[in-house]
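The values are calculated or read from the model by the stated rules, or taken from the named source; none is laboratory data. Please read all numbers here as calculations on a predicted model, not as lab measurements. Cβ: placed from backbone, ideal geometry, glycine included. Neighbour counts: every protein chain shown. Just so you know, the surface numbers come from the protein's heavy atoms only, side chains and all, with ligands and any DNA or RNA stripped out. Shrake-Rupley method; radii C 1.70, N 1.55, O 1.52, S 1.80 Å.
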Amino acid sequence: MKCFQKEIQLKPHKRGFHLITDVVLNTIPELNEIKTGQLQVFIKHTSASLTINENADYTVRTDFESHFNKMVPENAPYYQHTYEGSDDMPAHIKASLLGASIQIPITNGKLNLGIWQGIYLCEHRNHAGGRKLVITAFGI
Amino acid sequence: MKCFQKEIQLKPHKRGFHLITDVVLNTIPELNEIKTGQLQVFIKHTSASLTINENADYTVRTDFESHFNKMVPENAPYYQHTYEGSDDMPAHIKASLLGASIQIPITNGKLNLGIWQGIYLCEHRNHAGGRKLVITAFGI
Amino acid sequence: MKCFQKEIQLKPHKRGFHLITDVVLNTIPELNEIKTGQLQVFIKHTSASLTINENADYTVRTDFESHFNKMVPENAPYYQHTYEGSDDMPAHIKASLLGASIQIPITNGKLNLGIWQGIYLCEHRNHAGGRKLVITAFGI
């Protein structure tokens, strides 16, 4: 079994959905030593998340932000956890709806993604620092 | 470490939630060579997804479709990504809410699912072709 | 490759979101034999789920319960699967929104979580028994 792992800190991103596929790939060139396996990308935070979605038209990412703001609104009357700002509790909920990690199959030394798939950093806070990722590739 | 991987194309499914546990199991009989490990099923698309839920009463799957259509409506006034049809942008959002992959433990050569758990293909488009899956089983 | 797996039954929890990080860690002390790898926690049920979120202020978990009850209401007029009680169909939908498993990187014999991250059991039923988990740690 081969297992490679890197930990990085992204540059800060503004609130919204951002393509980071290239950052992930550049971080772990050892991926090409794995014939069959899995890549995991994990985010070490509870107010940002990761997902896989369309890598082309940027309006898809804009619409994600619009819809998540509607589906998980700020200042809901039932929120009790409010002392970190109106964007904080929605950020926690959005983070769990999307998830803290993605897992992608590796085939012949490459990510086996569909042609339209990219990796999104989902930044749910208004003013966050650079987020930390743990990137692990394993297989044979 | 053992690692087996297959890529298949499902037959087209109509919009909705569909049980595909048997298709997955039939694709990767090598599963029975793994005593302890994990199975990953990954979908190579951004407008369909995978989840695990109840494998018995079909009205559970009908209610999933009804609720996701309510929670992620078509023609929301804030959508900008509209040129691929009214079902397209909701499909992208639903896909990320449910996720592009599932991971299931393998125990003694079998999927270690609960008795009521099955694998769902979640087809979010009105007229999609057969979706491609990458199925990877690894362990010892 | 090392691969350790345990199956446990949690004590019953009331409806809501509960921190179970310590239970998971105590179940699989063999984690410290893995230098680089992944831990998976899988729940064998379709009306409870797992997620990773803030491990400090309990009002975060209270607000999760409030928001999920709003986003996936009981007694929606379009539910057909109603014979198991008004909390049943919402429980299935919440379970798929959050997911049946979490995957966390292992680094130097420990879970590589962010400082604020903990593992939540998400109990979506009013009166459920103890939930079964399969905990798998693998790596080198």
Yes/no for B:M89 being of a type in the set (A, V, I, L, M, F, W, C), surrounded by fewer than 20 Cβ atoms within 10 Å (Cβ to Cβ) and farther than 30 Å from C:T136 by Cβ: no
Unique residue being open to solvent by 10 Å² or more (accessible area, probe 1.4 Å), within 9 Å of another protein chain (Cβ to nearest Cβ) and in contact (Cβ under 8 Å) with a residue 24 or more places away in the chain when the list is C:T107, C:T59: C:T107
Some residue of the range A:119-136 being of a type in the set (A, V, I, L, M, F, W, C), touching a residue at least 60 places away in the same chain (Cβ under 8 Å) and more than 22 Å from C:Q103 (Cα to Cα): yes
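Filter the range B:92-101 for residues that are within 14 Å of chain C (Cβ to nearest Cβ) and either open to solvent by less than 10 Å² (accessible area, probe 1.4 Å) or among the charged types (D, E, K, R) (or both) and give the result.
Across the range B:92-101, the qualifying residues are B:I93, B:K94, B:A95, B:S96, B:L97.
Can you name the residue in the range C:17-30 that is in a helix (DSSP H, G or I) and farther than 27 Å from A:M1 by Cβ and, of all such residues, is least open to solvent (accessible area, probe 1.4 Å)? Steps first, please.
Of the residues in the range C:17-30, the ones in a helix (DSSP H, G or I) are C:21-27, C:29-30.
From what's left, farther than 27 Å from A:M1 by Cβ: C:22-23.
Numbers: C:D22: 110, C:V23: 62 Å².
Ranking the qualifying residues of the range C:17-30, first place goes to C:V23.
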The listed residue being within 25 Å of A:T136 (Cα to Cα) and in contact with a helix residue (DSSP H, G or I) (Cβ under 6 Å, 6 or more places away or on another chain), out of C:I135, C:I115, C:I140, C:I106: C:I135
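Determine, yes or no, whether A:M71 is more than 17 Å from the chain's Cα centre (by Cα) and surrounded by 21 or more Cβ atoms within 10 Å (Cβ to Cβ).
No.
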Pairs with Cβ under 7 Å, 6+ apart, first in the range C:64-80 and under 14 Å from C:R15 (Cα atoms) and within 9 Å of chain B (Cβ to nearest Cβ), second open to solvent by less than 30 Å² (accessible area, probe 1.4 Å) and assigned to a loop (DSSP other than H, G, I, E, B): none
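Among the listed residues A:E7, A:E33, which satisfies the condition of being within 12 Å of another protein chain (Cβ to nearest Cβ), in contact (Cβ under 8 Å) with a residue 40 or more places away in the chain and surrounded by fewer than 18 Cβ atoms within 10 Å (Cβ to Cβ)?
Values: A:E33 fails: within 12 Å of another protein chain (Cβ to nearest Cβ).
Residue meeting the stated conditions: A:E7.
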Considering residues of the range B:37-56 that are within 7 Å of chain A (Cβ to nearest Cβ) and in contact with a Leu (Cβ under 8 Å, 6 or more places away or on another chain) only, the residue most open to solvent (accessible area, probe 1.4 Å): B:K44
Filter result (among the hydrophobic types (A, V, I, L, M, F, W, C) and open to solvent by 10 Å² or more (accessible area, probe 1.4 Å)) within the range C:110-140: C:L111, C:L113, C:I115, C:W116, C:A128, C:I140
Lone unmet requirement of (1) touching a strand residue (DSSP E or B) at 6+ places or on another chain (Cβ under 8 Å); (2) under 26 Å from C:T107 (Cα atoms); (3) touching a residue at least 60 places away in the same chain (Cβ under 8 Å) for A:W116: (2)
